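Q: Right, I'll just put the structure down here and ask away after.
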Amino acid sequence: MSLLELTEVKKIYRQGEIEVEALRGVDLTVDKGEFTTVFGPSGSGKTTLLNLIGALDKPSSGTVVINGESIGEMDKNGLAILRRYHIGFIFQSYNLIPVLTAYENVEFALKIAKGNEGEETKEKVTKILEQVGLGNMLDRRPNELSGGQKQRVAIARALVKEPKLVLADEPTANLDSKTSKEVLELMLKMNQELDTTFIFSTHDSMVMEYASRLLEIRDGQISREERRE
Amino acid sequence: MYLFKIAARNLFRRKKRMFIISSILALAVITFLLIDSFMIGMMDLSFGNVIDFETPHIEIGREEFFIQADDGQELPLEETFIPEKYMLEEIKASDGFLAVTPVLDFSASFIAGREEFPVLVRSIETDSFGGVFKNEDYLVEGEFVEAGDSGVVIGNQMAEFFDLEIGDFYTLRFQDKNGYFSTIEGEVRGITTTPHPQMNMGVVFVARDYAVSRLGVEEDNISQLMVRVENRDLALSSAQSLANKFKNTDYQVRSYRDASEMLVSLEAWGYLETYFILALILIVGAIGIINTIVLSALERIEEIGMMKAMGLKVNQIVRVFLLEAAGIGVIGGLVGCIISALINHFFVNYGLDLDLYLDAESMGLPISGRLYGVWNASSFLLIFILVILIALIASIIPSYWAARKDPVDAIHHR
Amino acid sequence: MRKKLWYLLLIGGLILFIGVSSNFVLAEGLTATEIMERVDDNEYIESARMEAKMIIEDRGRKRVNEFYSYLQGENSLSEFTNPRDRGTRYLKLGNDLWMYFPAAEDLVSISGHMMRDGMMGSDFSYEDSVESQQLSELYHFELKGEEIINGGETYVILATAREGEDVSYYQRKIWVDQERFVMLRGEYFSTSGRLLKEMEVKEVQEFRDGRYFPIEVVMNDKLRQGSRTTMKVTEIDFDYDIPEGKISLETLN
Ligand SMILES: Nc1ncnc2c1ncn2[C@@H]1O[C@H](COP(=O)(O)OP(=O)(O)OP(=O)(O)O)[C@@H](O)[C@H]1O
Ligand SMILES: [Mg+2]
């Protein structure tokens, strides 16, 4: 069974009188452990697709099945639970909670998903932050971190609960190329070490080089697909 | 736990805003607590003065007498009575009984020189009067009323008004029980200055055994039996039980509260006013809190989106905001209570010079001199809880509004 | 013969009885009660319209109030006409008194301690004005002797309040002019015998039908120092036809 199955997915946004068809029939299957990149021009529907895959939104028609559950039939709390246990997010603008330290941001995500496990929680949080190279910055608040460091915290936060799926919407858009590279290598390392499935969107051709599977999206449809070693 | 931590830290994110809103709440708390202390202090003093100088804890008289007295009419000499033995026994057997004294009150015009002024003449039994009333302790000149003597004791304001000194002559003109004009005349024996201003102007004390001969009533007639008990609470309960015992007679038993209806309604008005002010300030506070929550929500919209993406439910996000609002309430309430306590400490120990701040006499309040505050723990508790509650209630709607933001819009809001 | 003796005894007894029962018979043969009934005939007003002045002298200051009144038995309506009090009205119905103040459009019922006060600050109290019944209804009389006032002979009569009547002064001493049967002087006493007020008639006038009526009276409240009030009737019409409903609360305001 695939981790993710999209069939005939359409998404229409309504803004008053105007209707925008952001996705026009997407079929997609993603298996465990894949490191997939979605790319395409601006406005093509990358973010829309990731939102649906991440159970942040529901499709206008068609089905999205995540880990065997169809999100079309779930209510808001059901979606929240699904995200809580199975999906990690990484965003372009990091979206860390500014009043919490790096350590706390990560711990918070873990505690939401797993509850308090005492020492084990502490170990896990410390370990993952060391893995992303922030072992010495546990007590820094987001405003005391650089962009790359913030994104590392975001990655740690997305991964600490060991989700089945990590979604990253243009994770490197705000980073310089050197930092982008470090971040991508980190994600790849995590993908290999933890066998976590990654799906991320990008404009950046450098990002594509890391992917094991490339999806090109144009006008709300997958126009090209490529698998690499 | 995390929600609490986040809320607590969010509280100090916008320090200026937090400071303003909690100051408003603190101000509400201070205003309420000080007015409350002032009110209770004032009522306490008022009732205290009434009890010590006007109507003690319990008074017993004929129903009709009280009706006419309350109506502002001349006190009816026809409604005087000779106390029966069983009544005195019942009174002495009541809870907390300390002393009883009979008085014979009547209306008269006090005449000295060319002036004339309507007064209440209280004819007293000199032996027992001091056990119930404190007037004698406030004698500033001369002597107190003596049995069989024609001398009177008047208040200092009356002495001033008539320009009277000890030994000066006075005449009391009144209508006796049969309606004939009658007089009592003699010398001013003593002058009192009590803290009850009305007692210093409109009341004259004379020995009952002397006055009674001119009143056209029988020698043992009195208008009221005045009773002092141990404290005000006992006064109310003993008055009630005496009232039950005399239910089928035409005697009426009144507690000091029944007797000073004006004060009791003033007290009610005072409370109403206090709560009105409180409500006003709290409304302002509530608006401030709504405003704060809406502003925080707007500036944290991405954060909210992230928290939703992380799997927090709407209720959990609402909780963050509610906790934050409650936090503002706690800070405002705590600061308010502490400052109030400090100010009230001075108010309780040093008091306020009433004459500087308000004309209590023209308001009809039986007080003068210094007014002291009162510690009222229940008010502190009440207002503290109330402020938190208001903060919570005011923030419910904006919190839900914030928490219901679609995570998609929230995250990509730019 | 026996019958005649019987009559004599009866008449003698009667005379003795009358003498003993205090109605001391003077030379003219009038009892105190009869004298006072004749006074009432002169002074009691059945119905009249009157104009008068009240001159109040208090501590050297002098104030004059002018007014006119409609009088009818126990009821009366008066209105002040002097500038200071113009329009102030005063209504008496039996024992009840009201005043109307035009400036404040205020109707005040006079009761309580106000009844003891001087009317408009005068030496006449409101209570005094309420007593408008015939004196012979209110008092028992006792002839005390005769005295000469201003060269005229008077009867001196002691009036003591009848029990149960609504009377303000327990006793009055009254000097009655022996020719004209009007009071020339009065002293009002409290129960304990204290002199409360003194009344003196300065002028008496004869009206139609041979009626005598005092038109200048000075009242002196003995409890207030240095004050006296003179009431001067400037015009009085005993046959005035008072319109129906004139003396009522409705006309007061
Ligand atoms: N919330 C929304 N309401 C209305 N229209 C939307 C909304 N989100 C996206 N769209 C529209 O849907 C289309 C797809 O947008 P989407 O954000 O998915 O593109 P994208 O590929 O992520 O673009 P970019 O590279 O600029 O991020 C666009 O035309 C966009 O204007
Ligand atoms: Mg996008």
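Q: Could you tell me which trypsin sites (Lys or Arg not before Pro) in the range B:221-273 are loop residues by DSSP with no more than 12 other beta carbons within 10 angstrom of their beta carbon?
A: On the way: sites: B:Arg228, B:Arg232, B:Lys245, B:Lys247, B:Arg254, B:Arg257; in loops: B:Lys247.
Qualifying residues, ordered by number: B:Lys247.
Q: Another question, then. Per residue in the range C:104-119, which ones lose no less than 40 Å² of accessible surface when going from chain alone to all protein chains (1.4 Å probe)?
A: C:His113, C:Arg116
Q: While we're looking at this one, here's another question. log₁₀ I(q)/I(0) of the range B:56-258 at q = 0.10, 0.15, 0.18, 0.19 Å⁻¹, via Debye over equal Cα point scatterers, no solvent, to two decimals?
A: The Debye formula, applied to the Cα set alone, gives -0.41, -0.92, -1.28, -1.40.
Q: Here's something else I'd like to know. Please give the charge dipole size of the range B:56-258, origin at the Cα centre, charges +1 on K and R Cβ atoms and -1 on D and E Cβ atoms. Round to the nearest 20 debye. Show your work: numbers first, answer last.
A: On the way: 17 positive and 38 negative charges, 102 e Å.
The dipole of the range B:56-258 has a size of about 500 debye.
Q: Right, here's the next one. How large a share of the accessible area of the range A:83-222, in percent, is made up of carbon and sulfur atoms when the probe is 1.4 Å and the other protein chains stay in place? Don't skip to the end; give the middle numbers.
A: Numbers: 2270 of 5380 Å².
C and S atoms contribute 42 percent here.
Q: Would you be so kind as to identify which of C:Tyr170, C:Val156, B:Gln224 lies farthest towards the positive end of the dipole of the protein assembly as shown, taking Lys and Arg as +1 and Asp and Glu as -1 on Cβ and the Cα centre as origin?
A: Most positive-ward Cα: B:Gln224.
Q: Show me you know the interface measure: the accessible area buried between A and B, both chains summed, probe 1.4 Å, in Å² to the nearest 100. Spell out each step's value before the answer.
A: On the way: alone 11100 and 20170 Å², together 28790 Å².
Protein heavy atoms only, the A-B interface buries about 2500 Å².
Q: With charges set only on the Cβ (+1 for Lys and Arg, -1 for Asp and Glu), what does the dipole of the protein assembly as shown come to about its Cα centre, in debye to the nearest 20?
A: On the way: 93 positive and 137 negative charges, 1293 e Å.
So the dipole magnitude of the protein assembly as shown works out to roughly 6220 debye.
Q: A follow-up question, please. Give the percent of DSSP beta bridges with both residues in the protein assembly as shown that are antiparallel, rounded to the nearest 5. Provide the component values of the computation, followed by the final result.
A: Values: 153 of 181 bridges.
Here the antiparallel bridges make up roughly 85 percent for the protein assembly as shown.
Q: While we're here: Using amide H atoms built in the peptide plane, which far-off residues or other-chain residues are under 5 Å from C:Ser192 H to H?
A: B:Thr183
Q: So if I place +1 on the C-beta of Lys and Arg and -1 on the C-beta of Asp and Glu, and nothing else carries charge, what would the dipole magnitude of the range C:31-137 be about its Cα centre? I want it in debye, nearest 20.
A: It works out to roughly 720 debye.
Q: Please give me the summed charge of the neighbours of C:Ile174: other residues whose Cβ is under 9 Å from its Cβ, Lys and Arg +1, Asp and Glu -1.
A: Details: positive: C:Arg172, C:Lys173, C:Arg185; negative: C:Glu187.
With Lys, Arg at +1 and Asp, Glu at -1, the net is +2.
Q: Here is a further query. Per residue of the range B:271-280, in order, report the coupling 6.51 cos²θ - 1.76 cosθ + 1.60 (Karplus, θ = phi - 60°) as ³J(HN,Hα) in whole Hz, putting x for Gly and Pro.
A: Along the range B:271-280, the couplings run 4, 4, 4, 4, 5, 5, 4, 4, 4, 4 Hz.
Q: Now for a separate question. Using θ = phi - 60° and the Karplus form 6.51 cos²θ - 1.76 cosθ + 1.60, what ³J(HN,Hα) does each residue of the range B:204-218 get, whole Hz, x for Gly and Pro?
A: 10, 9, 9, 5, 5, 5, 7, 5, 4, 5, 9, 9, x, 10, 5
Q: Restricting attention to the range C:50-93, which trypsin sites (Lys or Arg not before Pro) occupy a DSSP loop and are surrounded by at most 15 other Cβ atoms within 10 Å? Let's see the in-between values first.
A: Details: sites: C:Lys53, C:Arg59, C:Arg61, C:Lys62, C:Arg63, C:Arg84, C:Arg86, C:Arg89, C:Lys92; in loops: C:Arg59, C:Arg86.
Listed in order of number, the matching sites are C:Arg59, C:Arg86.
Q: So, one more: Just in the range C:114-191: which trypsin sites (Lys or Arg not before Pro) are loop by DSSP and have at most 15 other Cβ atoms within 10 Å? Write down the numbers at each step before the final one.
A: Values: sites: C:Arg116, C:Lys144, C:Arg162, C:Arg172, C:Lys173, C:Arg180, C:Arg185; in loops: C:Arg162, C:Arg180.
Loop-located and lightly packed - C:Arg162.
Q: Below 12 angstrom from the Cβ of A:Ala102, what's the summed charge of the other residues (Lys, Arg +1; Asp, Glu -1)?
A: Values: positive: A:Arg140, A:Arg141, A:Lys150, A:Arg152, A:Arg157; negative: A:Glu104, A:Glu107, A:Glu130, A:Asp139, A:Glu144.
Counting the neighbours of A:Ala102, the net charge comes to 0.
Q: Out of the total accessible area of chain B (probe 1.4 Å, heavy atoms of protein only), what percent is carbon and sulfur? The partial results should precede the final answer.
A: On the way: 10240 of 17840 Å².
With neighbouring chains kept in place, the figure for chain B is 57 percent.
Q: Would you work out which of C:Val182, C:Ile56, C:Asn42 lies farthest towards the positive end of the dipole of the range C:32-251? Charges go on Cβ: Lys and Arg +1, Asp and Glu -1.
A: So the residue we want is C:Ile56.
Q: Across peptide A:103-112, what mean number of C-beta atoms from other chains lies inside 10 Å of a residue's C-beta?
A: 3
Q: Near A:Phe91, within a Cβ-to-Cβ distance under 10 Å, what is the net charge of the other residues, with Lys and Arg +1 and Asp and Glu -1? Let's see the in-between values first.
A: Values: positive: none; negative: A:Asp169, A:Glu170, B:Glu302.
With Lys, Arg at +1 and Asp, Glu at -1, the net is -3.
Q: Taking amide hydrogens as modeled 1.01 Å from N in the peptide plane, which residues meet the under 5 Å criterion relative to C:Ile215, leaving out close sequence neighbours?
A: HN-HN under 5 Å from C:Ile215: C:Glu203, C:Val204, C:Gln205.
Q: For peptide A:72-85, how many partner chain Cβ atoms fall within 10 Å of a residue's Cβ, on average?
A: 3
Q: Still on this structure: What residue among B:Ser213, B:Leu381, B:Asn248 has its Cα farthest toward the positive end of the dipole of the protein assembly as shown, where the charges are +1 on Lys, Arg and -1 on Asp, Glu, each on the Cβ?
A: Checking the options against the dipole of the protein assembly as shown, the answer is B:Leu381.
Q: Percent antiparallel among DSSP beta bridges with both residues in the range B:125-250, to the nearest 5? Before the final figure, lay out the partial values.
A: Working: 13 of 17 bridges.
Close to 75 percent.
Q: Just to verify a number: what accessible area does C:Trp98 come out at with the full protein assembly present, 1.4 Å probe, Å² rounded to tens?
A: Approximately 50 Å² for this residue.
Q: So what's the gap between the Cα centers of the range B:1-30 and the range C:54-129, to the nearest angstrom?
A: Centre-to-centre (Cα) distance: 70 Å.
Q: With viscosity set to 0.692 mPa s and temperature to 37 °C, compute the Stokes-Einstein D of the protein assembly as shown, Rh being the Kirkwood radius across alpha carbon pairs; µm²/s, no decimals. Walk me through the intermediate numbers first.
A: Values: Rh = 37.1 Å.
Answer from the Stokes-Einstein relation: 88 µm²/s.
Q: Enumerate the amide H contacts of B:Ile222 below 5 Å, restricted to partners 5 or more residues apart or on another chain; note that Pro and chain-start residues carry no placed amide H.
A: B:Phe81, B:Ile82
Q: Can you send over the solvent-accessible area of B:Phe321, 1.4 Å probe, protein chains only, in Å² to the nearest 10?
A: 10 Å²
The values are calculated or read from the model by the stated rules, or taken from the named source; none is laboratory data. Here the structure is a predicted model, which is why all the values come from computation and not from measurement. Positions of Cβ are backbone-derived with ideal geometry, glycine not excepted, and every protein chain shown enters the neighbour counts. Keep in mind that these areas ignore ligands, DNA and RNA; they rest on the heavy atoms of the full protein, side chains included. Shrake-Rupley method; radii C 1.70, N 1.55, O 1.52, S 1.80 Å.
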